[in-house]
1. At 20 °C and a viscosity of 1.002 mPa s, what translational diffusion coefficient does Stokes-Einstein give for region 76-118, taking Rh as the Kirkwood radius over Cα pairs? Give it in µm²/s as a whole number.
2. Where Rh denotes the Kirkwood radius from the mean inverse Cα pair distance, what is Rg over Rh for region 6-84?
3. Run the quick spin-label model on D429 and E401: label points 7 Å from Cα toward the beta carbon, then report their separation in nm to one decimal.
4. Round to a whole angstrom and tell me the spacing of the C-alpha centers of region 1-55 and region 75-133.
5. Evaluate the Debye formula for region 90-208 with equal point scatterers sitting on the alpha carbons, no solvent, and hand back log10 of I(q)/I(0) at q = 0.09, 0.13, 0.15, 0.17 Å⁻¹, in q order, two decimals.
6. How long is region 34-118 along each principal axis, judged by its Cα atoms, biggest number first, in Å?
7. To the nearest 500 deg cm²/dmol, what mean residue ellipticity at 222 nm is calculated for the chain from DSSP H runs of n ≥ 4 alone, each contributing -39,500 (n - 2.57), summed and divided by the residues?
8. Starting from the Cα of A19, step 7 Å along the direction of its Cβ; do the same at A7; then give the gap between the two resulting points in nm.
Amino acid sequence: MSNVTAADLARALQDAGVAVGADTAPYALAGVEPLAVALPTTVEEVSAALAAASGFGAAVVPWGGGTRQGLGSPPSSYDLALDMRGLDRIVAHEPADLTVTVQAGCTVGALQAALKRSWQWLPLDPPLPGRATVGGTLAAGSAGPLGTGFGLPREMVIGMRAVLADGTVVKSGGNVVKNVTGFALDRLHVGGLGTLGVIAEATFKIVPTPLKEATVTAAFASAAAAADASAGVASIGLPMLSVELLNEAAWARATEGLSLRPEPISAAAVQPVNPEAPVEPAEERTWHLVARVGGRPAAVIRSVDAWAAACESHGATVGWVEDAESAALADRVADLGWHDGPPALAVRISVPLSQGVDAVTTLGDAAPAAALSVTRGVVRAAWAADALPDDRVAYLASLRERVAALGGTVVVESPTPIGGVDPWGPVGDAFEVMRGLKEQYDPQGVLNPGRFLGGL
């Protein structure tokens, strides 16, 4: 615990040339407001702010759009909110090299809009991209449905500038795809929740915007049937952007106000592979496969045909949307449980790929909106306030036991702490390595203290 006062901290920041915010209330965590708010606009000012805070031993919580501040435990101490949204510039965009360098405070939505003008995009889809910043998304390791086709956020980063707890600016990687110098250092900060350093700037490899996209939607009587159909298409090797399996609650949220056509995209998909496959009554279909594909028009048509045939052979009713409607549905699926405000409770379950369907069933009858990334073994579940389990502590403890039996883990994401629940769960074998890194990069425990796994 530091003995710094609000006046001392504000004066030190101003002496370092860093603007100070007047209102601390928007930065409260678990009911605790910081002593001061720093509003840097350059990497140098971020460095100066951290150096000033470190001089007092003051605890710092980095802020972006605030969409993921419910992730992790409440800070064990909290003196300074470091608002990174003033660093919102696109530093360099090289369309021919398929790279972009952007400051951490730029929102994902603003970055995508800028890249779109060059028919390019960054396949990163956190919830609420209009608010979620690039730095916050990386720090949280937030991977959405596009992880199916493009991998995790850390796999898109080829370079980074970060600021350590004492204000030291470090750079790793480079500005071209083949430059991998220091790449491992980038990965320490992606998913590190700002506990080892504050991401100030990142360079990404980007991809051309698909000339066409479409999303196949299929209603199944069971999650297992949907998974079997997905496995059949995946074995063909067709390119996929994302493949998500939604329960009824998630489907209702994702499709509210959207118009979905119940016919296949081309004549080739009209006949199922197995015309004699039994078709369940519509009211019994409670699982909805959402398969998004993109690329050249002819390739998209072939992919949709394959998805339609595979789903119909398993007794599903198939629909489709394309282009703008497909993108709108994808946004809804990525925002699941978040588009109308933070959910009352959210969890992320990770299990071996073969256990994905079983992981969905571990949620029981708790009635969340849930989506399974079929090809990654990741389940996202979100509860509205009127659908919460009666005893959240007991429910989450039981859920963790069931998921652990499948070889998986449960991370709890909630806008407010739940007494008696560790959001991360048991620490793994790598915890001592993580502790060693924390001691090396932040020996005073200045950055996001107590918020990460095991109280780091």
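Computed from the coordinates by the stated procedures, all read-outs in this text should not be read as laboratory data. Just so it is clear, the model here is predicted, and its values are computed rather than measured. Neighbour counts run over all protein chains shown; Cβ positions are idealised from the backbone, glycine included.
1. Taking Rh from Cα pairs, D becomes 180 µm²/s.
2. 0.93
3. Going by the 7 Å Cα→Cβ label model, 2.6 nm.
4. For region 1-55 versus region 75-133, the Cα centre distance is 23 Å.
5. Once normalised to I(0) and log-transformed, intensities are -0.20, -0.43, -0.58, -0.76.
6. Principal extents (Cα only, largest first): 46, 28, 17 Å.
7. That calculation yields -8500 deg cm²/dmol at 222 nm.
8. The two pseudo-label positions are separated by 2.5 nm.
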